[in-house]
Amino acid sequence: RGGGREQLRQGAGSGFIIEPTGIVLTNNHVVEDAVSITVRLDDGRSFSAVVVGRDPLTDVAVVKIKDKVEGLPTVKLGNSDALRVGDWVVAIGNPFGLASSVSLGIVSARARDIGAGPYDEFLQTDAAINPGNSGGPLFNMRGEVVGINTAIVGGGTGIGFAVPSNLVTALVPQLEKEGSVTRAWLGVGIQDLTRDLSSALKLPVTEGAILTQVNPASPAAKAGLKSDDVVTAIDGQPVTSSGQLTRTVALKRPGSTSTLTVFREGKKQDVKVILGTRPDLEGVTSRKQQGDDSQESSRRVGVSLQNLDARTAQQAGFNERQGALITDVVPGSPADRAQLEPGMVVVEANRKPVNNADDLAKAIRAAPAGSTLLLRVAAPGGSRMLRALRMP
């Protein structure tokens with residue numbers, strides 16, 4: 001910073017009130033770096049507000065009006081699972097600062113994975129969603145909120161996305177109470193079951209999630225799950241893909257018991273698993289290990305870092321015992337475009353070892369604009385990958 005002062009800038013987004021005492025829902029990326037927040041209602045009233053909880057991995061945040069208020073107009077969260085492709089929906093928000101703008105469209109697709117994070121299941125709509133719409137409500141024809149609009153991708157192209165209300169409903173109580181989301185964890189590597197794999201494994205099913213690896217000492221290992229097991233249901237709910245299994249487990253509470261229906265060597269069986277706490281998310285809201293200089297450098301590429309600690313390394317099945325743990329990635333940022341994800345550990349930058357968050361921050365700071373930083377990253381379970389991070 002060179003003794004200078006960081007310049008503040010004003011931003012705008014949308015949101016909606018779900019409780020008359022002033023509980024507001026919006027996107028995480030709308031309020032993530034906010035120094036102060038003002039909630040302005042359609043009737044012209046303005047209130048100071050504070051973030052009480054946020055979840056970067058689903059881009060959901062809960063904001064509370066500071067003033068003691070009662071009787072504020074509210075909206076009701078509906079059932080997004082009841083939506084069908086072709087249903088009419090209405091998006092309301094503040095696109096480009098144009099308050100209370102309404103756009104009409106249909107549900108184009110459900111459970112859309114756009115690569116924004118590990119828990120993608122967006123509603124896709126052709127209702128116009130532009131910058132400033134982020135955080136606003138997506139209504140069904142009964143006036144119920146079925147999604148939180150987001151402008152992560154597709155702004156102004158006839159393709160908009162919204163976080164489904166059922167996911168939001170599951171997160172809000174924990175965000176209000178604890179300020180962050182603690183997710184359950186199996187400790188496995190997974191991929192989709194395809195018809196070819198089903199044939200090769202001589203299975204009577206063609207949809208599910210194959211366990212490609214089981215981390216030592218993980219909840220899955222303790223329950224007796226093995227590599228090549230195929231999960232077809234969890235607690236009686238069908239599992240048709242690896243992403244669905246990831247999302248379903250993540251919404252359960254750590255310490256709870258779930259029953260997995262699996263096929264092993266062609267035979268069907270049920271396995272009870274006591275779910276653990278997903279270690280790569282434990283540090284999302286705790287960034288004490290990263291200094292001011294590291295934070296400033298990592299903000300350049302849209303990533304938050306902390307040092308990899310021994311406990312997290314062991315629980316996640318990392319072979320590494322040091323590195324820079326990614327705890328948050330800003331949607332649409334250079335880090336996001338490089339396919340970096342929370343839970344990954346950066347162990348090399350341009351073929352030089354990265355022992356902690358400061359090492360990576362220094363490499364980012366030294367990289368000229370327009371250059372590409374070659375990163376070697378480790379994922380939970382021990383697999384390693386290369387990522388090319390282009391400097392803005």
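Since every read-out is calculated from the coordinates, none of them should be taken as a lab result. All figures in this text were calculated on a predicted structure; none of them were measured in a lab. Cβ coordinates were reconstructed from backbone atoms using ideal geometry, including for glycine residues, and neighbour counts include every protein chain displayed.
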Please rank ASP328, ASP42, fewest neighbouring Cβ atoms within 10 Å first, as an exposure proxy.
ASP42, ASP328
Net charge near ARG387: determine it from the other residues with C-beta under 14 Å of the C-beta of ARG387, scoring Lys and Arg +1 and Asp and Glu -1.
+2
Computed E for ARG387/LEU41 - FRET, C-beta separation, R0 45 angstrom, nearest 0.05:
0.55
Going by C-beta contacts inside 10 Å, put ILE114, ILE326, ILE129 in order with the fewest on the left.
ILE114, ILE326, ILE129
Quick one: VAL85, VAL231, VAL330, fewest Cβ neighbours within 10 Å first, how do they rank?
VAL85, VAL330, VAL231
Local net charge near ARG264, Cβ-Cβ under 12 Å (Lys/Arg +1, Asp/Glu -1):
0
On the formula 1/(1 + (r/R0)^6), with r taken between the Cβ atoms of GLN191 and VAL75 and R0 of 41 Å, the FRET efficiency rounded to 0.05 is 0.60
Choice from PRO238, PRO131, PRO164 showing the highest fluctuation, given a GNM over the chain with Cα pairs closer than 10 Å
PRO238
Just order 386-392, 14-20 by mean Cβ neighbour count inside 10 Å, highest at the front, would you?
14-20, 386-392
For ASP235, what charge total do you get from the other residues with a beta carbon under 11 Å from its beta carbon, if Lys and Arg give +1 and Asp and Glu give -1?
+1
Which pairs in the list LYS64/LYS177; LYS226/LYS268; LYS76/LYS252; LYS202/LYS268; LYS64/LYS252 are over 19 Å apart, alpha-carbon to alpha-carbon?
LYS76/LYS252; LYS64/LYS252
For the pair LYS66 and ASP33, how long in nm is the line joining their label points, each one 7 Å along Cα→Cβ?
2.2
Can you give me the long-range amide H partners of GLY276? Hydrogens built in the peptide plane at 1.01 Å from N, cutoff under 5 Å, separation of 5 or more residues or another chain.
TRP185, GLY255
Report relative contact order for the chain in percent, whole number only (criteria: Cα-Cα under 8 Å, sequence separation at least 6).
11
Determine, from the Cβ-Cβ distance of THR169 and THR206 and an R0 of 30 Å, the FRET efficiency 1/(1 + (r/R0)^6), rounded to the nearest 0.05.
0.45
Order the peptides 24-33, 336-345, 262-271, 64-73 from the highest to the lowest mean number of other Cβ atoms within 10 Å of their residues.
24-33, 336-345, 262-271, 64-73
Between LYS352 and LYS226, what is the label-point separation in nm under the 7 Å Cα-to-beta-carbon projection?
4.7
Percentage relative contact order, the stretch 184-277, counting C-alpha pairs under 8 Å, at least six apart:
32
Kindly identify the stretch 63-102 as rounded, prolate or oblate by the Cα gyration tensor criterion: order the square roots of the eigenvalues as a ≥ b ≥ c, call it rounded if a/c is under 1.5, otherwise compare a/b with b/c, prolate if a/b is larger, else oblate.
oblate
In what sequence, highest mean first, do 100-111, 353-364 appear when ranked by Cβ atoms within 10 angstrom?
353-364, 100-111
